[in-house]
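The values are calculated or read from the model by the stated rules, or taken from the named source; none is laboratory data. This one's a predicted model, so the numbers in the text were calculated from it and none came from an experiment. No Cβ is skipped: glycine too gets one built from the backbone with ideal geometry, and neighbour counts run over all protein chains shown. When the accessible area is computed, the model is the full protein with side chains, heavy atoms only, and any ligands, DNA or RNA have been set aside. Shrake-Rupley method; radii C 1.70, N 1.55, O 1.52, S 1.80 Å.
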Amino acid sequence: MKRTELERRERELRKAEKKKIQPGEKEAMSVGDYIDALFGMFRYDSDEIFNAADDENILELLENMKMEHPEKQWDVIIRKAVNKTKVEQKEKAYDSLRILAGIPAVTA
């Protein structure tokens, strides 16, 4: 075998080792996974998101997000999920999701 082939196999083994999940430990969701999951939970029409302020499943997802990701990414996840709906009242939905999650308001 060529040296480059051996090096490639070693890299693949290291990658696979990093991806292994320890017993009893669940794999953390990425930022994109949270955006997609949050977007999938929304009930909305062209004007507003109806369940942004009071859905328990959304609250649970937001709490998991807060545990797994740093605070600077919380706004990004919420804002991108709301923007994906293309509703007119984005700010209203964004604010109600922040309140539901107990995230303090952003000072500009």
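Considering only region 69-108, state which residues are open to solvent by 60 Å² or more (accessible area, probe 1.4 Å), part of a helix (DSSP H, G or I) and among the acidic types (Asp, Glu).
Going residue by residue through region 69-108, those that are open to solvent by 60 Å² or more (accessible area, probe 1.4 Å) are 70-72, 76, 79-80, 83-84, 86, 88-92, 95, 99, 104-108.
Then keep just the ones that are part of a helix (DSSP H, G or I); that gives 71-72, 76, 79-80, 83-84, 90-92, 95, 99.
Passing the criteria: GLU71, GLU91, ASP95.
What number of residues within region 29-43 are surrounded by 15 or more Cβ atoms within 10 Å (Cβ to Cβ) and either in contact with a Pro (Cβ under 6 Å, 6 or more places away or on another chain) or outside any helix (DSSP H, G or I) (or both)?
So the answer is 2.
Starting from residues that are under 15 Å from the mean Cα position of the chain (by Cα) and free of Cβ contacts under 8 Å to residues at least 24 places away in the same chain, keep the ones in region 72-103 and report whichever is farthest from ASP47 (Cα to Cα).
Restricting to residues being under 15 Å from the mean Cα position of the chain (by Cα) and free of Cβ contacts under 8 Å to residues at least 24 places away in the same chain, the top hit is LYS72.
Can you pull out every residue in region 44-63 that is part of a helix (DSSP H, G or I) and either among the basic types (Lys, Arg) or open to solvent by less than 40 Å² (accessible area, probe 1.4 Å) (or both)?
Across region 44-63, the qualifying residues are ILE58, LEU61, LEU62.
When both residues are 6+ apart or on different chains and their Cβ atoms are under 9 Å apart, which pairs have a first residue that lies in region 1-17 and is among the β-branched types (Val, Ile, Thr), and a second that is modelled with pLDDT of 80 or more?
Within 9 Å, no pair qualifies.
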